[in-house]
Amino acid sequence: ASFEGGPAGRAMVSRRRVEPRMKPRPGHLPIVSGPAAPQEDLFPRVMEFVARWEGGYVNNPNDPGGATNMGITIGTLTAWRKAHDKPAPTIEDVQNLTREEANEIYRAWYWEPSGASKAQDYATALLLRDSGILHGVGAAQAWVKEYGLDPWRIAARRLRVYTGSDNW
């Protein structure tokens, strides 16, 4: 059913089928793109998509994360390098962070623990990777435990987190 303007501006319900007017355009967010091939590692594909928005160095004094490159904060890079017996990074090290090292961090600390590596489709993998970063891998793990790898239920749970916050 669709709604159309009726007498005196009141909505009237029509039973005719309404076809979507929008056609997908290149560059739109891919919502669902079908199942992954057996044994396909979705990490490179997800990271290629994320790189469109999480690229480049920033050091905004109003951002509590401080110096950040490709979404990796100086705090995360410090912890990563300490865990690998490397010296603490400088701001210049954050500026010069390689895509390879950033991806190592994302895979080891967010992709695997969040459950994204177990996803059988692109949408679920992208959602879990993002949830692990924004809400913590513990939240992503709990959602997978509660809802399985159902992207709709995980997204609904995540939306409840946002709508329940004081900033909504």
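The values are calculated or read from the model by the stated rules, or taken from the named source; none is laboratory data. The shown structure was predicted, so the numbers you read here are calculated from the model rather than taken from an experiment. We place every Cβ from the backbone using ideal geometry, glycine too, and count neighbours over all the protein chains shown. The protein model used for the area step is the full one, side chains on, heavy atoms only, and it has no ligands, DNA or RNA in it. Shrake-Rupley method; radii C 1.70, N 1.55, O 1.52, S 1.80 Å.
Looking at 120, 141, which one is more than 21 Å from residue 73 (Cα to Cα) and touching a strand residue (DSSP E or B) at 6+ places or on another chain (Cβ under 8 Å)?
120
For residue 118, state whether it is within 30 Å of residue 145 (Cβ to Cβ), open to solvent by 70 Å² or more (accessible area, probe 1.4 Å) and in contact (Cβ under 8 Å) with a residue 24 or more places away in the chain.
Working: within 30 Å of residue 145 (Cβ to Cβ): yes; open to solvent by 70 Å² or more (accessible area, probe 1.4 Å): yes; in contact (Cβ under 8 Å) with a residue 24 or more places away in the chain: yes.
Taking the combined requirement at face value, the residue satisfies it.
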message: Could you check segment 92-115 and list, in sequence order, the residues that are buried (at least 21 other Cβ atoms within 10 Å of the Cβ), within 14 Å of the chain's Cα centre (by Cα) and in a helix (DSSP H, G or I)?
response: 106, 110, 111, 114
task: Scan segment 59-86 for residues that are outside any helix (DSSP H, G or I) and surrounded by 12 or more Cβ atoms within 10 Å (Cβ to Cβ) and jot them down.
output: 59, 65, 66, 67, 68, 69, 70, 71, 72, 73, 86
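Which residue out of 140, 156, 116, 125 is in contact with a Phe, Trp or Tyr (Cβ under 9 Å, 6 or more places away or on another chain) and farther than 21 Å from residue 71 by Cα? So that I can check it myself, show each step before the final result.
Working: 140 fails: farther than 21 Å from residue 71 by Cα; 116 fails: farther than 21 Å from residue 71 by Cα; 125 fails: farther than 21 Å from residue 71 by Cα.
Going through 140, 156, 116, 125 in turn, just one is in contact with a Phe, Trp or Tyr (Cβ under 9 Å, 6 or more places away or on another chain) and farther than 21 Å from residue 71 by Cα: 156.
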- prompt: Of (1) within 26 Å of residue 45 (Cβ to Cβ); (2) free of Cβ contacts under 8 Å to residues at least 40 places away in the same chain, residue 63 satisfies all except one. Which?
  reply: (1)
message: Can you report the number of residues in segment 128-138 which are part of a helix (DSSP H, G or I) and open to solvent by less than 30 Å² (accessible area, probe 1.4 Å)?
response: 4
message: All but one of (1) open to solvent by less than 30 Å² (accessible area, probe 1.4 Å); (2) more than 30 Å from residue 150 (Cα to Cα) hold for residue 125; state the number of the condition that does not hold.
response: (2)
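In segment 143-168, what residues are part of a helix (DSSP H, G or I) and either on the phi > 0 side of the Ramachandran plot or not hydrophobic (A, V, I, L, M, F, W, C) (or both)?
In the first step, residues of segment 143-168 are kept if they are part of a helix (DSSP H, G or I); the result is 143-147, 151-163.
Once the filter is applied, which keeps residues that are part of a helix (DSSP H, G or I) and either on the phi > 0 side of the Ramachandran plot or not hydrophobic (A, V, I, L, M, F, W, C) (or both), segment 143-168 yields 145, 146, 147, 151, 153, 157, 158, 160, 162, 163.
Do we find that residue 89 is crowded, with 18+ Cβ neighbours inside 10 Å, in a loop (DSSP other than H, G, I, E, B), without any contact (Cβ under 8 Å) to a residue 60 or more places away in the chain and not charged (D, E, K, R) in this structure?
Numbers: crowded, with 18+ Cβ neighbours inside 10 Å: yes; in a loop (DSSP other than H, G, I, E, B): yes; without any contact (Cβ under 8 Å) to a residue 60 or more places away in the chain: yes; not charged (D, E, K, R): yes.
The answer is yes for residue 89.
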